[in-house]
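Encoded as structure tokens, the structure appears first; notes follow it.
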């Protein structure tokens, strides 16, 4: 009996010891029960920071954040309330309000859910005056665009999806992030850091005050402001000139690579993608066959047309297969093989005259001289050398800018033609490359970058749109590196003089870009288009010495490059260099010129 009593006593002692240890663990070591109890009386609200503002190069505000509020509810705590009054305050129908509450209850009766998004400050103040048990508001911000311009460049924000939440633990359901443009590229700079507000609430979910007098709160850190290189006045002019047209205008400061203008037409009012109507507006823009959401400046791949002759001329000079004084005949075009037609002008012409009058025949001769050079085993090997030259000008690859969605364009290679022609081809087969046609595809940004290269006589800085980020000494270091082409600087002067004559001399194809005293150097391009009228393109820089601006204009179905693209470019240059327009009649002509696009219209129908 004594032995049995000892065993029972020992068992009781061990059991009590286990209970005491468990109580010690629960009450001292493990705070989960404490936290669970606190959660019954504390409400933790994420404090969303306002996104950083965006300014133009002159300090003009382009994007700002304005206050908005999300109406939240904890279904378990929702009591009797005036449905009509709350629906009226929130700006929704009673049916919509009830539907959102039912959805929230199905998700969780204990966790808060968003019932109505983006209420105004006025609505929030009216809500605070009422008694709506179980409801509360959370401060948010939404974007506003004072100038209502550059929608594709600035971009828009949208609610994150499940994939984003899984990839980045910063985001939670209902958060917003940049989806395109600057908003996307500089998301981590603009978004700021979230905070936390901890409040005491009663059993009905009514807030009674801050927990620990606010000591447990964490302040949100606003997003960082960004200053872009964009010139808002110049951007506004560009968008005005491109009304009724499809295409792009890009202007770059050659000395820095900073983008002054990026117009993608048609564009859209960025305020359309803000607020509760955002979804409907987005679908309308998406359904538009002219694709206003598509940033043509970096995402379109166009044939460069005759503007590309400048690259071929420089390659021929560097390879030593032509000299500036050597002349080639033009009898209405290049007559060998199937031939390449040309407009009427005097013949023969040297390099400078060929650039001035955009002679197709001259550049056919020059291009074939490059590919048939005896230094190489075959035209195929020579094309590989040509490809290297072309790539050094920034074609056929991404320029690594800070613009979201930038594409690389396309430059055909030896392998491209081996595949197309089953290995049987020569310099005459690919003669269309001599005048910027054929398989070549370039973005407007690449063509504007070419204008900057010509202005700098052989090098460029990576094009970029952000000039300064608050709190930082500089932007990304890659924007300060010079990129040199494989053509020596000394060869560029011959091309530049031809570009000067194209605008200033009789017979120049770019005469409509002439502005007295500005020394604009330009080159027209008329690119073949299988879907209608030829595309009109023009690139230029000014002044001739110490250039301050380089511009590329591309107008789909615009016809001859000197007709519409050249005047647009010259107006941009004049506005930037003189802060005025001396040719109001030309400006009105360009503004009032609308172009029909049967290709897009057929898509719509």
- Message: Just checking, does segment 397-408 include any residue being outside any loop (DSSP other than H, G, I, E, B), under 28 Å from residue 500 (Cα atoms) and in the same structural domain as residue 301 (by TED's automatic domain parsing)?
- Response: no
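Taking the options 496, 503, 515, name whichever one is in contact with a helix residue (DSSP H, G or I) (Cβ under 9 Å, 6 or more places away or on another chain), part of a loop (DSSP other than H, G, I, E, B) and either at pLDDT 95 or above or buried (at least 24 other Cβ atoms within 10 Å of the Cβ) (or both).
Numbers: 496 fails: part of a loop (DSSP other than H, G, I, E, B); 503 fails: part of a loop (DSSP other than H, G, I, E, B).
Sole residue among the options that is in contact with a helix residue (DSSP H, G or I) (Cβ under 9 Å, 6 or more places away or on another chain), part of a loop (DSSP other than H, G, I, E, B) and either at pLDDT 95 or above or buried (at least 24 other Cβ atoms within 10 Å of the Cβ) (or both): 515.
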- Message: Name the residue that is surrounded by the most Cβ atoms within 10 Å (Cβ to Cβ), counting only residues in segment 380-418 that are under 34 Å from the mean Cα position of the chain (by Cα) and more than 22 Å from residue 305 (Cα to Cα).
- Response: 403
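Yes or no, residue by residue, for (1) in contact with a strand residue (DSSP E or B) (Cβ under 9 Å, 6 or more places away or on another chain); (2) surrounded by 23 or more Cβ atoms within 10 Å (Cβ to Cβ); (3) under 30 Å from residue 363 (Cβ atoms); (4) without any contact (Cβ under 8 Å) to a residue 24 or more places away in the chain:
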{"position": "285", "(1), (2), (3), (4)": "no, no, no, yes"}
{"position": "292", "(1), (2), (3), (4)": "yes, no, no, no"}
{"position": "297", "(1), (2), (3), (4)": "yes, yes, yes, no"}
{"position": "300", "(1), (2), (3), (4)": "yes, no, yes, no"}
{"position": "308", "(1), (2), (3), (4)": "yes, yes, yes, no"}
{"position": "311", "(1), (2), (3), (4)": "no, yes, yes, no"}
{"position": "314", "(1), (2), (3), (4)": "no, yes, yes, no"}
{"position": "318", "(1), (2), (3), (4)": "no, no, yes, no"}
- Message: Among the listed residues 140, 76, 64, 147, identify the single one that is farther than 23 Å from residue 48 by Cα, surrounded by 15 or more Cβ atoms within 10 Å (Cβ to Cβ) and in contact (Cβ under 8 Å) with a residue 24 or more places away in the chain.
- Response: 147
- Please work out which one of (1) surrounded by fewer than 16 Cβ atoms within 10 Å (Cβ to Cβ); (2) over 25 Å from residue 50 (Cβ atoms); (3) touching a strand residue (DSSP E or B) at 6+ places or on another chain (Cβ under 8 Å) is the condition residue 276 fails and give its number. (2)
- Item | Filtered residue count, segment 169-200, keeping only those that are surrounded by 19 or more Cβ atoms within 10 Å (Cβ to Cβ), over 17 Å from residue 48 (Cα atoms) and in contact with a helix residue (DSSP H, G or I) (Cβ under 8 Å, 6 or more places away or on another chain) | 3
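Pick from 523, 591: which is crowded, with 23+ Cβ neighbours inside 10 Å and either more than 19 Å from residue 438 (Cα to Cα) or in contact (Cβ under 8 Å) with a residue 40 or more places away in the chain (or both)? Talk me through it step by step, then tell me what you get.
Details: 591 fails: crowded, with 23+ Cβ neighbours inside 10 Å.
One residue alone meets the criteria, 523.
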- Message: Among the numbered criteria (1) touching a helix residue (DSSP H, G or I) at 6+ places or on another chain (Cβ under 9 Å); (2) more than 29 Å from residue 538 (Cα to Cα), which one does residue 166 miss?
- Response: (1)
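So is residue 377 touching a strand residue (DSSP E or B) at 6+ places or on another chain (Cβ under 7 Å), surrounded by fewer than 23 Cβ atoms within 10 Å (Cβ to Cβ), in the same structural domain as residue 252 (by TED's automatic domain parsing) and assigned to a loop (DSSP other than H, G, I, E, B) or not? Show your work before the answer.
On the way: touching a strand residue (DSSP E or B) at 6+ places or on another chain (Cβ under 7 Å): no; surrounded by fewer than 23 Cβ atoms within 10 Å (Cβ to Cβ): yes; in the same structural domain as residue 252 (by TED's automatic domain parsing): yes; assigned to a loop (DSSP other than H, G, I, E, B): yes.
Criteria not met by residue 377.
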- Quick check: is even one residue across segment 264-273 in contact with a strand residue (DSSP E or B) (Cβ under 8 Å, 6 or more places away or on another chain), free of Cβ contacts under 8 Å to residues at least 60 places away in the same chain, farther than 30 Å from residue 74 by Cα and not assigned by TED's automatic domain parsing to the domain that holds residue 77? yes
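Scan segment 550-585 for residues that are closer than 26 Å to residue 529 by Cα and part of a helix (DSSP H, G or I) and jot them down. Spell out the reasoning first.
Applying the first criterion (closer than 26 Å to residue 529 by Cα) to segment 550-585 yields 550-572.
Across segment 550-585, the qualifying residues are 565, 566, 567, 568, 569, 570, 571, 572.
The values are calculated or read from the model by the stated rules, or taken from the named source; none is laboratory data. Everything numeric here is computed off the predicted structure, so don't read it as measured data. Cβ: placed from backbone, ideal geometry, glycine included. Neighbour counts: every protein chain shown.
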